[in-house]
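Visitor: Here it is: the structure, laid out below.
The values are calculated or read from the model by the stated rules, or taken from the named source; none is laboratory data. This one's a predicted model, so the numbers in the text were calculated from it and none came from an experiment. Neighbour counts run over all protein chains shown; Cβ positions are idealised from the backbone, glycine included.
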C-alpha cells in the first residue's frame, strides 16, 4: 500500500477512535460496560414503545420484535466492541470428550483439526503477500456436520491435493469422484462464517451456522458441511495479529483438506456470509486465478458478502446512509468499521481487488500490475454463483456493483435481493419466516446445479 494511502487509512481510524474509543484499561472498561448494561432495560422499553405502531418502525412491514431486535444487535455490537470484548474462539483449544459428546448430541457435529498450508506451496500472488506480511499457514479447527465423510474418505486411502500450480492426483481418486454416499447425496459445502474478520466462530452454536445446518436439512444434494475456524484479525489499538492473507490461507487449507479426502472440485460448494462471503470470493479467486480449477467448482453461495472494505461506496446517497435505519450494522458513525479494515488489511490496500472485489478503481498490487496501477476486479472463468443480499441492508450498493461486474464477465449468476431484509438475513433469528424461505431458495439453487450438470449437452 502506498504511504499516502496508509496515512489516510490510519488517519480515519485515529479520527474514529478519538470519537468512539475502545476502552482497554480499567476502570474505564468496567464503567463503560456497567453503564451500558444498566441502561439496557430502559432502552429495550424505549425501543418497544417507539416501534409500537407499524408506521413508527423502520419498515411498516416489519413486526415489532424485528424492529426491536435490530436495535438490540446494534447496541450489543457497539457495547462489546468498545470494551474489546467481542467473542473470539480459542484456536488452540481441543474439545474434551464431554464437549465432543455435546457437539454430537445437540448439533450432529464433529470437531476436526485442519493442518495449515505450506506458504511455499501456495500460488502467486498470495504467496508473495503472505511472505511480505510474515504470515504462515497454521493448524485451525473446523466442524463437520452431516454424513461422516471424513471417515468414509479416509478409508478409501486416496484424494487430491494442489500445491502451487502443480496438481497431485492420488491413486484412488477415480473410484471416489462423483460417488454419492448412503443418502444419495454427494456434494459437500465449505462454509466460512461472518463477523467482520474480528469476531464470530465456525462453532455450530453460532448464529451464522444456520446456513450449513439447514442446507443439510433442505438440500437434496449436500451430504456434509465443513465450517472452518479461520484466524481472525486484530490491530491498533490492540496487538496486530493475522492480517491478510491469514484467513485466506486457512480457507485454502480447508479446500485442500476436502481434496485430500477425495472430493473433486465439482463436488465442493464454497459458501460464506458477510466477511465470510468476502473470504469465499477471495478463495474462489485464488482457485480460478492461481490454481486454474475454479470454474470446475459446484458453485459459490455468497450471503450478504462484504465486497468493499474501502470507502469507494461511501456518500450521502449511499446505502450506508440510506439504509441505516433498516439494518443493524454500526455504520460510518462508529469506529468498528475503520478498526476492522485496518486490522484485516494490515499493509495491503483495502482497494486491492482480492480484498474489495466491488471497490471502484481498485488498486492492483504491485502497482505496475495494470495500467496506471489501477484495475477493477474481474470474474473471468468463475463458477456458477448465487448472491443473496438484503434489499434494505447498508452494504447493498457494493453488492449491486458485484452483480454488475459478474454479469459483465458472463458469470453464471443468480442475484436475489431479499425484500425488506437487513444484512445477513440467514443469521438473524428474528427474520422468520423470510430466512427459512431464503435457505430453501439457496438449497433449490444448489440442487438445480445437479440437474443442469446432469442434463445432456
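Visitor: Would you check which residues across the range 344-357 are surrounded by fewer than 24 Cβ atoms within 10 Å (Cβ to Cβ) and more than 23 Å from residue 405 (Cα to Cα) and list them?
Guide: Of everything in the range 344-357, those that are surrounded by fewer than 24 Cβ atoms within 10 Å (Cβ to Cβ) and more than 23 Å from residue 405 (Cα to Cα) turn out to be 346, 347.
Visitor: Go through the range 418-443 and give me each residue that's more than 19 Å from the chain's Cα centre (by Cα) and outside any helix (DSSP H, G or I).
Guide: 419, 420, 432, 433
Visitor: Do we have any residue at all in the range 280-296 that's touching a residue at least 12 places away in the same chain (Cβ under 8 Å) and within 14 Å of residue 394 (Cβ to Cβ)?
Guide: There is no residue in the range 280-296 that is touching a residue at least 12 places away in the same chain (Cβ under 8 Å) and within 14 Å of residue 394 (Cβ to Cβ).
Visitor: Here's another thing I want to ask about it. Take the conditions in the same structural domain as residue 324 (by TED's automatic domain parsing) and touching a strand residue (DSSP E or B) at 6+ places or on another chain (Cβ under 8 Å) and apply them to residue 410. Does it pass?
Guide: So residue 410 fails the test.
Table: residues versus (1) crowded, with 24+ Cβ neighbours inside 10 Å; (2) modelled with pLDDT of 95 or more; (3) under 30 Å from residue 99 (Cα atoms); (4) not assigned by TED's automatic domain parsing to the domain that holds residue 439.
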site	(1), (2), (3), (4)
183	no, no, yes, no
186	no, no, yes, no
191	yes, yes, yes, no
196	yes, yes, yes, no
206	no, yes, yes, no
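Visitor: Out of 113, 129, I need the residue that is touching a residue at least 40 places away in the same chain (Cβ under 8 Å) and either surrounded by 14 or more Cβ atoms within 10 Å (Cβ to Cβ) or closer than 30 Å to residue 290 by Cα (or both). Which one?
Guide: Exactly one residue qualifies, and that residue is 129.
Visitor: Further, regarding this structure: In the range 16-23, is there at least one residue being more than 27 Å from the chain's Cα centre (by Cα), surrounded by fewer than 16 Cβ atoms within 10 Å (Cβ to Cβ) and without any contact (Cβ under 8 Å) to a residue 40 or more places away in the chain?
Guide: Checked the range 16-23: at least one residue is more than 27 Å from the chain's Cα centre (by Cα), surrounded by fewer than 16 Cβ atoms within 10 Å (Cβ to Cβ) and without any contact (Cβ under 8 Å) to a residue 40 or more places away in the chain.
Visitor: Every residue in the range 380-405 that is surrounded by fewer than 22 Cβ atoms within 10 Å (Cβ to Cβ) and either over 23 Å from residue 323 (Cα atoms) or not assigned by TED's automatic domain parsing to the domain that holds residue 275 (or both), please.
Guide: 380, 381, 384
Visitor: Taking the range 49-69 as the region of interest, how many residues are outside any loop (DSSP other than H, G, I, E, B) and closer than 22 Å to residue 331 by Cα?
Guide: Total satisfying the criteria: 7.
Visitor: Something else about it: Quick check on residue 244: is it over 19 Å from residue 196 (Cα atoms), modelled with pLDDT of 95 or more, assigned by TED's automatic domain parsing to the domain that holds residue 121 and part of a loop (DSSP other than H, G, I, E, B)?
Guide: In short, no.
Visitor: Return the residue satisfying two criteria in turn: it lies in the range 70-97 and is under 20 Å from the mean Cα position of the chain (by Cα) and part of a loop (DSSP other than H, G, I, E, B), and of such residues it is nearest to residue 20 (Cα to Cα).
Guide: My answer is 86.
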